[in-house]
1. What are the residues in the range 290-315 that are charged (D, E, K, R) and surrounded by 15 or more Cβ atoms within 10 Å (Cβ to Cβ), if any?
2. Report whether or not LEU17 is assigned by TED's automatic domain parsing to the domain that holds ALA224, surrounded by 18 or more Cβ atoms within 10 Å (Cβ to Cβ) and over 21 Å from HIS282 (Cα atoms).
3. Note down all Cβ pairs under 6 Å where the first residue falls in the range 277-295 and is under 19 Å from LEU264 (Cβ atoms), the second is among the hydroxyl-bearing types (Ser, Thr, Tyr) and within 15 Å of the ligand (Cβ to nearest atom), and they're at least six residues apart or on different chains.
4. Given SER285, SER211, SER193, which one is assigned by TED's automatic domain parsing to the domain that holds ASN57, hydroxyl-bearing (Ser, Thr, Tyr) and more than 20 Å from VAL40 (Cβ to Cβ)?
5. I'm checking my understanding of the structure. Among residues of the range 186-207 that are within 14 Å of the ligand (Cβ to nearest atom) and part of a loop (DSSP other than H, G, I, E, B), which one is farthest from THR143 (Cα to Cα)?
6. Quick one: which residue in ASN318, ASN217, ASN287 is at pLDDT below 95 and either surrounded by 14 or more Cβ atoms within 10 Å (Cβ to Cβ) or within 28 Å of ARG147 (Cα to Cα) (or both)?
7. Go through PHE183, PHE210 for me and flag whichever is within 13 Å of the ligand (Cβ to nearest atom), assigned to a loop (DSSP other than H, G, I, E, B), of a type in the set (Phe, Trp, Tyr) and loosely packed, with under 15 Cβ neighbours inside 10 Å.
Amino acid sequence: MDIRPVFIGRLKIDPPLFLAPMAGLTHSALRQLILDFGGVGLLSTEMLSAARLQNENPQISPYLITTEREHPISYQFLVYRSDHIKRALQKIENLGADAIDINLGCGAPKVRKKGGGIGLASDHKRLFEIVTEIKKNTTLPVTAKIRLGTELSEEKFINKCKFLEEIGIDCIYIHARLEKEPFCRPAKWEFVSCLKDQINIPYIINGGIFSYEEADNALKKSLAYGVMIGRAAPIRPWIFREILEQRTITVDLPKIYFKFIEYLIELFPIERRLGRLKEFTHYFSKNYAFGNRLAMAVQRTNSLDEAIKVAEEFFTKNG
Ligand SMILES: Cc1cc2nc3c(=O)[nH]c(=O)nc-3n(C[C@H](O)[C@H](O)[C@H](O)COP(=O)(O)O)c2cc1C
């Protein structure tokens with residue numbers, strides 16, 4: 001696989017392997033677990049409401065807790081209007097953000113109706129105002145995360161990406177599915193290749209990459225500059241290293257699971273730990289043939305201690 005560093009504005013991403021923003025999942029504990037294996041080029045937060053950011057306390061907010069080793073890191077904004085931008089930017093710059101991403105792909109009805117995610121992607125006037133306001137208030141690189149649009153039209157897709165470049169976006173993350181397509185549908189990596197030579201900023205392919213072979217395939221088909229990994233990251237936090245080394249590595253699954261719990265205990269307020277563990281377990285349990293038993297057992301627990309106990313029992317029985 002041909003993987004060369006990518007520049008997002010002045011920020012060098014080497015290797016060009018990106019962690020996707022995922023609500024409830026891409027917090028400090030998962031990011032650190034990924035860093036323990038290496039291979040990741042740019043970390044990410046989950047989507048953060050630009051309006052609500054100023055009320056979050058970075059010492060205790062699970063959205064903002066971070067450690068010194070988690071760099072480079074991109075902060076993703078869920079944003080509706082330009083008037084919260086300045087203070088939101090100050091907050092994340094103080095926390096050491098290395099890049100800012102704008103969520104233009106979230107299709108949740110609540111978000112879309114309020115004009116965020118895909119609701120913002122289609123409103124060029126407001127999007128222009130927001131990006132201009134961001135650019136006015138920071139020198140950090142600014143990226144946008146999009147879906148393919150409402151229909152499969154090369155012309156519309158290329159125009160949308162050209163527009164993003166024109167208004168100052170430094171890199172585009174492309175979740176290669178249409179706006180209404182569920183995650184079970186195959187991602188359209190090949191369609192994205194129509195962007196080649198049409199824009200002068202890098203674009204990164206995302207969607208349906210769960211192994212190093214798929215990363216290679218997605219890169220070749222899309223002609224993208226790098227790959228972004230979502231759900232595979234909580235399933236296989238070592239996937240970035242596998243992509244980098246182009247081979248499968250052997251890992252100790254229970255050790256990884258309990259390391260994740262250790263990070264949760266170290267970092268998160270007590271009432272925030274179990275929920276994060278349940279979310280993580282939903283994905284991590286997919287490493288086992290009967291992993292749904294682990295996910296369901298942890299789901300039913302009412303405390304972290306109880307969750308640890310059921311996980312220990314599961315690992316004893318399932319190797
Ligand atoms: C639980 C979950 C939460 C997500 N949250 C976000 C988010 O906060 N911001 C965003 O842009 N995309 C979000 N996504 C979409 C992912 O970033 C990614 O585009 C999608 O999962 C496809 O990539 P994958 O097939 O590698 O998982 C989320 C996806 C999942 C499964």
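The values are calculated or read from the model by the stated rules, or taken from the named source; none is laboratory data. Given the structure is predicted, the values throughout are model-derived calculations rather than measurements. Neighbour counts run over all protein chains shown; Cβ positions are idealised from the backbone, glycine included.
1. Of everything in the range 290-315, just one residue is charged (D, E, K, R) and surrounded by 15 or more Cβ atoms within 10 Å (Cβ to Cβ), namely ARG293.
2. For LEU17, the condition - assigned by TED's automatic domain parsing to the domain that holds ALA224, surrounded by 18 or more Cβ atoms within 10 Å (Cβ to Cβ) and over 21 Å from HIS282 (Cα atoms) - is met.
3. Note: pairs meeting the criteria are LEU294/SER285; ALA295/THR281; ALA295/SER285.
4. SER193
5. Only one residue tops the list, namely PRO186.
6. Of ASN318, ASN217, ASN287, the one residue that is at pLDDT below 95 and either surrounded by 14 or more Cβ atoms within 10 Å (Cβ to Cβ) or within 28 Å of ARG147 (Cα to Cα) (or both) is ASN318.
7. PHE183
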